[in-house]
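Below is one structure, written out as structure tokens; comments come after it.
Read-outs: derived from the displayed coordinates by stated rules, not from any lab. None of these values were measured; they are calculated from a predicted model. Cβ atoms come from the backbone with ideal geometry, glycine included; neighbour counts cover every protein chain shown.
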Amino acid sequence: MCEVIVIASGKGGTGKTTVCTGLAVALAKAKNKVLIIDCDSGMRGVDLMLGISDRLVYDISDVISGACEYADALYRVEGDFELYSIAAPLYADDEVSPSLIRRFVDQVREEYDYILIDSPAGTGSGFYAAANAADRALVVINAEPISIRGCKNISYRLRELKMTDCRLIINRFDKKRFFDMGLYRDLDEVIDEAGMRLIGLIPEDMRVIALSQRGALAHNWSQTAVIFDTIVKRLEGVDVPIVVK
């Protein structure tokens with residue numbers, strides 16, 4: 001049975017799209033058939049990270065408007081796994097409405113084990129389009145006050161949408177920097193303030209950033225891959241520990 005997961009963030013710059021893409025790769029390498037729908041109109045990045053941008057002709061707005069068939073806008077990532085992507089519109093003016101995104105997801109969900117929806121940062125109309133189509137949410141933050149404030153706003157909006165299965169991912173975590181800054185006593189204080197259960201702690205990893213910018217995230221994996229593998233197991237209900245490095 002397909003799970004549809006929205007990847008959201010209360011503010012830009014948390015690494016949300018990198019997390020979404022990395023998680024999709026980990027799910028696909030775990031023998032799942034995965035689709036990423038990029039809903040970040042005007043700021044799309046999934047195609048760049050997966051190395052498929054040179055092949056793009058159509059996007060999700062073309063499918064919804066009837067300008068092309070669904071299969072024409074579906075791009076498979078090269079590799080011995082089943083990972084597909086549908087791009088967001090290049091321009092924000094072409095943003096698709098929540099009801100139409102929901103209808104599209106309902107039409108295709110039985111073809112996949114997982115559908116990940118990359119939401120725009122914040123709580124604008126693009127966020128509602130992405131979240132309205134999902135069964136559960138992963139909210140990406142950095143361990144800092146402004147990011148946590150954004151998380152609280154996202155949490156409030158998700159409750160408005162009757163979304164009850166929401167989990168927290170702390171991204172770009174650097175243990176030394178965290179304690180040197182002295183903003184929080186420990187990670188438990190961050191989690192308590194964010195108000196969500198933690199499902200993943202992803203360390204700062206310049207290699208992941210470099211691979212994503214080169215469009216090679218799916219093929220030249222880094223040591224952080226084990227963290228994404230752990231998140232996959234926790235999504236599937238396996239009780240594995242969260243490692244703090």
Quote the FRET efficiency, to the nearest 0.05, computed for Asp72 versus Arg185 with a Förster distance R0 of 45 Å and r equal to the Cβ-Cβ distance.
-> 0.30
Listed by chain and number, the aspartates and glutamates with an alpha carbon less than 13 angstrom from that of Lys33, same-chain partners under 8 positions apart left out, are Glu3, Asp80, Glu82, Glu110, Glu111, Asp113
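Neighbour counts of other C-beta atoms within 10 Å: give me Lys162, Lys16, Lys233 arranged from fewest to most.
Fewest to most other Cβ atoms nearby, the residues stand as Lys162, Lys233, Lys16.
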What list of ³J(HN,Hα) couplings, whole Hz, do you get for the stretch 49-55 from phi and the Karplus terms 6.51, -1.76, 1.60, once you set θ to phi - 60° and write x for glycine and proline?
-> 5, 8, x, 10, 4, 5, 8
Can you put Thr123, Thr164 in order, fewest other beta carbons within 10 Å first?
-> Thr164, Thr123
Using label points projected 7 Å from each Cα along Cα→Cβ, tell me how many nm separate Ala216 and Glu193, to one decimal.
-> 3.7 nm
List the residues of the stretch 68-86 whose backbone N lies under 12 Å from a point placed 7 Å from the Cα of Glu111 along the Cα-to-Cβ direction.
-> 69-76, 84-86
Is the stretch 38-81 best put as rounded, prolate or oblate by its Cα gyration tensor, with a ≥ b ≥ c the root eigenvalues, rounded for a/c under 1.5, and otherwise prolate when a/b is larger than b/c, oblate when not?
-> oblate
How do Arg172, Arg177 rank when sorted from fewest to most other Cβ atoms within 10 Å of their own Cβ?
-> Arg177, Arg172
For Gly122, list long-range residues whose amide hydrogen, built 1.01 Å from N in the peptide plane, is under 5 Å from its own amide hydrogen.
-> Ser9, Gly10, Lys11
Taking alpha-carbon centroids only, the stretch 176-245 lies from the stretch 9-25 a number of Å equal to 11 Å
Beyond 29 Å (Cα-Cα) in this structure, taken from Lys176/Lys233; Lys16/Lys162; Lys175/Lys233; Lys162/Lys233; Lys29/Lys152; Lys11/Lys176, we find Lys29/Lys152
Note to self, the chain gives a 222 nm [θ] from helices alone (DSSP H runs n ≥ 4, -39500 (n - 2.57) apiece, / all residues, nearest 500) of -11000 deg cm²/dmol
